[in-house]
Amino acid sequence: MLEDLVSCKGKLVDKLKCDKETTSRKRPENCVKCKSKEIIGVEVMGGYDGVLLWECDKCEHTILRFKKETTEKYLQLAKGLWTNPEDWGYVPRSEFN
Ligand SMILES: [Zn+2]
């Protein structure tokens, strides 16, 4: 997923598999797609200090924590810091509630 983001020329947020109009400040109870309860918080280092978005551990559907524009801003910040996708601080935090 993040390799796509780094090489992408357009809006990064548009590459995410998610409903861009739906945001959730708190960890969602269930995945909107597959209803799985295994939602993980995803932290993108260099972008936002904390969980930036939520991702379903089963189907990888993404739920934004912030508005689309805000998420884009943080993703762009991270993109500027990390040139090698291997270096991206992609930290799933299953313990985060
Ligand atoms: Zn799911």
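A short reminder: the numbers here are calculations on the coordinates, not readings from a lab. This is a predicted model, so every value here is computed, not measured. For neighbour counting, all protein chains shown are included, and Cβ atoms are generated from backbone atoms with ideal geometry for every residue, glycine included.
Sorting Arg25, Arg65 on the 10 Å Cβ count, fewest up front, what's the list? Mind showing how you got there, number by number?
On the way: Arg25 8, Arg65 22.
Ascending number of Cβ neighbours within 10 Å: Arg25, Arg65.
When a footprinting reagent is the concern and you count Cβ atoms within 10 Å, what order do Thr71, Thr22, Thr62 take, fewest first? Each step should come with its number before you reach the end.
Working: Thr71 25, Thr22 11, Thr62 22.
In increasing order of surrounding Cβ atoms, one gets Thr22, Thr62, Thr71.
What lysines does Lys33 reach when the alpha-carbon gap must be under 24 Å and sequence neighbours fewer than 8 apart in one chain are set aside?
Candidates past the 8-residue exclusion: Lys11, Lys15, Lys17, Lys20, Lys58, Lys67, Lys68.
Taking the Cβ of Tyr48 as the centre, find all other residues whose Cβ is under 12 Å away and add up their charges (Lys, Arg: +1; Asp, Glu: -1). Intermediate results must be reported in sequence, preceding the final value.
Working: positive: Arg65, Lys73; negative: Glu43, Asp49, Glu72.
That sum, taken over residues with Cβ under 12 Å, equals -1.
Using 7 Å Cα-to-Cβ label points, what is the Lys20/Lys33 separation (nm, one decimal)?
1.7
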